[in-house]
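The values are calculated or read from the model by the stated rules, or taken from the named source; none is laboratory data. All values reported here derive from a predicted model rather than from experimental measurement. When we count neighbours, we look across all protein chains shown, and the Cβ atoms used for this are built from the backbone with ideal geometry, even at glycine. Note: areas computed on protein heavy atoms with side chains; ligands, DNA, RNA excluded. Shrake-Rupley method; radii C 1.70, N 1.55, O 1.52, S 1.80 Å.
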Amino acid sequence: CTPSFCFEVDSPEMAKHTRKVHITGKYGVRYGASLRKQIKKIEITQHAKYTCGFCGKDSVKRKATGVWSCGSCRKVIAGGAYMMNTAAAVTVRAQIRRLRDLAE
């Protein structure tokens, strides 16, 4: 075994977990730090579980882009691409509620 090709697999110096990069460790050193930070934020929000508005359980997961499904009550919800409720949707919902209360 030549020194350039010899390395121990079970050496104690090998890292067990990623320290800062977490979910974006799969990209290695590619794409730059700034882009990997943005992707980290997006991927954490898209893989998170959200609270279902129908049954109240934390079981809503992303199925596809903009499609969210509750694992408990099997409801399918249209939402944002990376998070269930976008900022624009929250604003519109609040405005509709305000207008509905004004009309009554």
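Answer yes if at least one residue in region 69-77 is more than 13 Å from the chain's Cα centre (by Cα) and either modelled with pLDDT under 95 or at positive phi (or both), and no otherwise. Reasoning before the result, please.
At the first step, the residues of region 69-77 found to be more than 13 Å from the chain's Cα centre (by Cα) are 69-77.
Now narrow it down to the ones that are either modelled with pLDDT under 95 or at positive phi (or both): 74.
Yes - at least one qualifying residue is present in region 69-77.
Counting only strands (runs of 3 or more DSSP E) that fall entirely inside region 34-104 and contain at least 1 residues that are free of Cβ contacts under 8 Å to residues at least 60 places away in the same chain, open to solvent by less than 50 Å² (accessible area, probe 1.4 Å) and not β-branched (Val, Ile, Thr), the qualifying elements are 58-64, 67-70.
Just need a number here: residues in region 42-70 that are under 13 Å from Ala81 (Cα atoms) and basic (Lys, Arg). Total satisfying the criteria: 3. Within region 12-27, residues that are modelled with pLDDT under 80 sit with their Cβ atoms under 9 Å from residues that are in a loop (DSSP other than H, G, I, E, B), at 6+ positions apart or across chains, in these pairs: Met14/Glu8.
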